[in-house]
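Here is the structure we will look at.
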2 protein chains.
Amino acid sequence: MRHFGEIESVDVGTEFASRAELAASGIHRPTQAGISGSSTEGADSIVVSGGYEDDEDYGDYLIYGGQAGFDPNTKQQNEDAELSRGNLALVVSYNKGLPVRVTRGLGSTRQHTYRYDGLYLVERWWVDRGKSGFRIYRFALRKIDDKPISTPAGELPLPTSNEEPDKVESYTTRIIRDTLVSETVKEIHQHFCQTCSTRIERPGGAYAQAAYIRPLGRPHNGPDTVDNILCLCPNCHVLFDGWAFAIEDDGSLIGALNGSLFEKKDHTVNREYLRYHRRLYKAANN
Amino acid sequence: MRHFGEIESVDVGTEFASRAELAASGIHRPTQAGISGSSTEGADSIVVSGGYEDDEDYGDYLIYGGQAGFDPNTKQQNEDAELSRGNLALVVSYNKGLPVRVTRGLGSTRQHTYRYDGLYLVERWWVDRGKSGFRIYRFALRKIDDKPISTPAGELPLPTSNEEPDKVESYTTRIIRDTLVSETVKEIHQHFCQTCSTRIERPGGAYAQAAYIRPLGRPHNGPDTVDNILCLCPNCHVLFDGWAFAIEDDGSLIGALNGSLFEKKDHTVNREYLRYHRRLYKAANN
C-alpha cells in the first residue's frame, strides 16, 4: 500500500546524492518520474527539479507543472498533457486532501542533489497553456508541516517568476483577510447559498463560506473585493473550486448545478471574474 | 468596529504588567471580562487566567471554560452558564471561523502579569457540567499562527489535566491520520453522504468528508476507527459538528435533518459513539 505522509526515519532537510538514494529512503520510489502515485490512491510524492519552465517555486508555496510529454533532445514539451497517470494522481490527492512529500533538486540541471522538504497539500489545480504552447496541468501546493526548510543561503532554486517571494501569504494572513470582506458578503445574503439557496443553521447562528471567483494568490491574483466573492454553502464551494460548475454572464449555471445565481442589488458580481473562472472550468473539463 | 487578528505593533510573547496595560495595547480591551466580543460580531480576544478549575491548557491547544456566574467570595461557580454574551460571542467566532487573540495570565492567582500568546481558532464547542456541578460552555482552541510561544522554562501555566501535554497532535499529524482510516469509510459508501445521500462529483473523482462521531482529541478522546466515522458531505459535516442534528440508535435523525442514517453491512457505526454525540447535541440545544 502506498504510504502518505512522513517517512519515519527521514527528517525534513535530509539531502540525497542521487535519485537512487532518494528512492531507497522511501521518500520518492520512482527513479525517473517526477510524480509518485496512482490514479486511484493519489500522489504521495513529487520531485521538483527546478529545470522546468512552467514551475514556480516560492519555498512554502509551489506551482508545479505536472506531467507532460517532452522531446528527449530539445527538452521541450511536444504534446498536450492529459488528465491521466501523474496528473490524475495529483488531482486525486487534491480531492482526498492527501499530503504530498516534496523533494527539490538542487544544483545545475545536469548534476542534481536532492533535498526532502516536507509535506504539502494540493490547494488547487487547473489547466493552462505552458510556455511551449501545449496544454499543461498546474498544481498549487502549500507546505503544511511546521518544519522550516533549512536552506543554506542562495541554494534554494530561484523563483521563475519575477515577483517577490515574500509576498506569498501565510495561513494566518489568509484567515484574517477572509474575515473582513467576506463577512460583508455573507451578511448581505443572510448566509443563503447564492447557487443552491441552502442555508446552514446551527445553534449560535447561520453558516456560509466565502468563495473567491477569480482565485486569490499566484498566479491568478484575483482581488479580495466583494465583487469577486460568492456566498456559498460548503457543498457548492467544493464544487465551484473543483471545476464542477461555472456561471455564465447572465447568471445561469453550467455543469453540475442547474438554475441561476441569486444576486442582490447591493452585491453585484464582476462578470470579468466569472469569465476568468469559466475559462478555467472549461479547460479543466475539456 | 471590532478588530480581529493581530494588533500591528504587538508581537507574540509581549508581556504586560496589568490588565490596564493589556487593554491599552488593544490586545484585550475589557479590563475585567475574560472574553472580549459581542454576540453579533464574535469574540476577538480572551484572557486565560489559569485560576479556573474547568480550563485545560496545553500551550498550542486550550480548553477554555467560557463565561459563568461566580460567587465573589468563594470564587466558585454558582449558576448555570448560558449561551449569551461571551459564550455566544465565542460560538459566533466558531461559526464564522474568526481568529481569537489569546493572552495568558502568568504567576499566582492574586498577582498576575499577562502575556499575549497569538492567534487561535475555536475548533469546537460543547456544553458540559463543570467541577462545580453547574452547566458550562467549553471551547477547544488551537493556535494557528506559526509564532512559537517563547516560554521561560516553568512559567507556562500547568495543565490541569494529568495527561502529557506532548500528546496534543499537530495539524500535520491530524491530516495524515485522517487519510488512512477515513478513506476506507468513504470508499465503502462510494462518497455518498450517509445522512442526505448527496454525492459531490468533480473532475478527477467524487468527494466526501470523514466526520468523527465521538470527537477526537481532548477531552472527548474518540477513537480513530471506522466505527467512529461517518462519510458525510461538507454541508452535513458542518451541521453534525455544530450540534444541528444527531442520530438515534435506530438510525433516525433528530434536529435539522429528516430521514435516517444510511448504513452498509461492512461499516457498522458504534451506538456508544452515537450516544456520546447525542448527549452533546442535546446539551448544546438545551
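The table below lists the values:
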read-out	value
Selection from region B:62-71 of residues that are under 15 Å from B:GLY34 (Cα atoms) and either part of a loop (DSSP other than H, G, I, E, B) or without any contact (Cβ under 8 Å) to a residue 60 or more places away in the chain (or both)	B:GLY65, B:GLY66, B:GLN67, B:ALA68, B:GLY69, B:PHE70
A:GLY59 being closer than 20 Å to A:GLY5 by Cα and part of a loop (DSSP other than H, G, I, E, B)	yes
Odd one out for B:GLY50 among (1) among the small types (Gly, Ala, Ser); (2) at pLDDT 85 or above; (3) surrounded by 15 or more Cβ atoms within 10 Å (Cβ to Cβ)	(2)
Strands (runs of 3 or more DSSP E) contained entirely in region B:184-267, each with at least 1 residues that are at positive phi	B:205-207, B:253-255
Counted residues, region A:16-31 - those being surrounded by 13 or more Cβ atoms within 10 Å (Cβ to Cβ) and touching a Ser or Thr at 6+ places or on another chain (Cβ under 7 Å)	8
Condition broken by A:GLU79, with the remaining ones in (1) of a type in the set (D, E, K, R); (2) without any contact (Cβ under 8 Å) to a residue 60 or more places away in the chain; (3) over 21 Å from A:PHE134 (Cβ atoms) satisfied	(3)
From A:CYS233, A:CYS196, residue being crowded, with 19+ Cβ neighbours inside 10 Å, touching a helix residue (DSSP H, G or I) at 6+ places or on another chain (Cβ under 6 Å) and at pLDDT 95 or above	A:CYS233
From the options A:VAL226, A:VAL238, residue that is β-branched (Val, Ile, Thr), in the same structural domain as A:LEU280 (by TED's automatic domain parsing) and within 19 Å of the chain's Cα centre (by Cα)	A:VAL238
Candidate set: region A:262-286, residues that are buried (at least 16 other Cβ atoms within 10 Å of the Cβ) and among the aliphatic types (A, V, I, L, M); chosen: the one farthest from the other protein chains (Cβ to nearest Cβ)	A:VAL269
Residues within region B:191-219 that are without any contact (Cβ under 8 Å) to a residue 60 or more places away in the chain and more than 13 Å from chain A (Cβ to nearest Cβ), tallied	2
Condition met for A:ARG110 (over 19 Å from the mean Cα position of the chain (by Cα) and either at pLDDT below 90 or surrounded by 22 or more Cβ atoms within 10 Å (Cβ to Cβ) (or both))	yes
Subset of region A:10-35 (residues that are in contact (Cβ under 8 Å) with a residue 12 or more places away in the chain and small (Gly, Ala, Ser))	A:GLY13, A:ALA17, A:SER18, A:SER25, A:GLY26, A:ALA33, A:GLY34
In region A:93-123, the residues that are more than 10 Å from chain B (Cβ to nearest Cβ) and at positive phi	A:GLY107
Looking only at region B:5-30, and only at residues there that are among the hydroxyl-bearing types (Ser, Thr, Tyr) and part of a loop (DSSP other than H, G, I, E, B), the one that is nearest to B:LYS143 (Cα to Cα)	B:THR14
Considering residues of region A:58-91 that are small (Gly, Ala, Ser) and buried (at least 17 other Cβ atoms within 10 Å of the Cβ) only, the residue nearest to the other protein chains (Cβ to nearest Cβ)	A:ALA89
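Okay, residues lined up against (1) over 13 Å from B:TYR114 (Cβ atoms); (2) more than 24 Å from the chain's Cα centre (by Cα); (3) assigned by TED's automatic domain parsing to the domain that holds B:ILE136; (4) of a type outside the set (Lys, Arg):
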| residue | (1), (2), (3), (4) |
| --- | --- |
| B:MET1 | yes, yes, no, yes |
| B:GLU6 | yes, no, no, yes |
| B:ILE27 | no, no, yes, yes |
| B:THR31 | no, yes, yes, yes |
| B:SER38 | yes, no, yes, yes |
| B:GLY50 | no, no, yes, yes |
| B:LEU62 | yes, no, yes, yes |
| B:GLY65 | yes, no, yes, yes |
| B:GLN76 | yes, no, yes, yes |
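The values are calculated or read from the model by the stated rules, or taken from the named source; none is laboratory data. Keep in mind that this is a model prediction, so the values were computed, not measured. Every residue, glycine as well, gets a Cβ built from its backbone with ideal geometry; the counts of neighbours run over all protein chains shown.
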